[in-house]
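The structure under discussion appears below in the form of structure tokens.
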Amino acid sequence: MPSPSMLFLSPNAYWHYGLLIWGLVMFSILLIQLPVAYFSIVRPFDKKFEIRQYTLEKGIFYLSFLIRLFNYVSGILLQPYKGRPLKGLAKRFVEGRFNYQKSVYRKSINFRAHASRFQIGLCYVLVVSTVIMFGGLIPLLIHNFILYPDFAAARGG
């Protein structure tokens, strides 16, 4: 077990390693997963369905890429739930995604039928990583503002 002076993210070893893992997930999302997703999901579907300049394509590329990625990932992962009887919030979310897809693309596209196993697996990895990314903000705020505010202030966080 390392001494507290060696732990640069937290004086507690468990929090230190948790924050370190969260940082590695953030690193992998930004520098590995998103570029791989762009070249293996977004560009192939853009070319396959001739989708061009739908959402801020000429202005803010990164925002447009994230919006299209979310549309393709949700289309791939929610397709099996399209015809199932769902209730409440799940029903509204699934129906809303496909209604949005129909209004944007002017047709209903079965993205899952055109996706490879790698693309489907990458979609699941992206969803899990995104949940970890946003879910990790809560423990980070608890750590920095409630449990160890002096430590966080000393290191500039």
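The values are calculated or read from the model by the stated rules, or taken from the named source; none is laboratory data. Quick caveat, the model's predicted, so the values are computed rather than measured. Please note: Cβ atoms are built from the backbone with ideal geometry, for glycine as well, and neighbour counts cover all protein chains shown. Just the protein is used for accessible areas: all its heavy atoms, side chains included, with ligands, DNA and RNA removed. Shrake-Rupley method; radii C 1.70, N 1.55, O 1.52, S 1.80 Å.
Indicate the helices, whole DSSP H runs only, in the chain that combine a mean Kyte-Doolittle hydropathy of 1.0 or more with a Cα extent along their long axis of 20 angstrom or more.
Once both thresholds are applied, what remains is 13-28, 61-78, 117-135.
Solvent-accessible area of GLU95, probe 1.4 Å, all protein chains present, reported in Å² to the nearest ten, please.
Estimated to the nearest 10 Å², GLU95 gives 90 Å².
Would you work out the relative contact order for the range 13-157, in percent, from Cα pairs under 8 angstrom that are 6 or more residues apart?
Over the range 13-157, the number comes to 28 percent.
Trypsin sites (Lys or Arg not before Pro) within the range 85-157: which are DSSP loop residues with at most 10 other Cβ atoms inside 10 Å?
Listed in order of number, the matching sites are LYS87, ARG106, LYS107.
Within the chain, how many lysine pairs that are 8 or more places apart, or on different chains, have C-alpha atoms less than 22 Å apart?
Value for the chain: 13.
Using only DSSP helix segments of four residues or longer, with each worth -39500 (n - 2.57), what per-residue ellipticity at 222 nm results for the chain after dividing by its residue count and rounding to 500?
Theoretical 222 nm ellipticity from helices: -18000 deg cm²/dmol.
Just read off the accessible area of ASP46 with the full protein assembly in place, 1.4 Å probe, to the nearest 10 Å².
20 Å²
Using only Cα positions of the chain, each an equal point scatterer, no hydration layer, compute I(q)/I(0) via Debye at q = 0.14, 0.15, 0.19, 0.21 Å⁻¹ and quote the log10 values to two decimals.
After summing over all Cα pairs, the log10 values are -0.82, -0.88, -1.14, -1.30.
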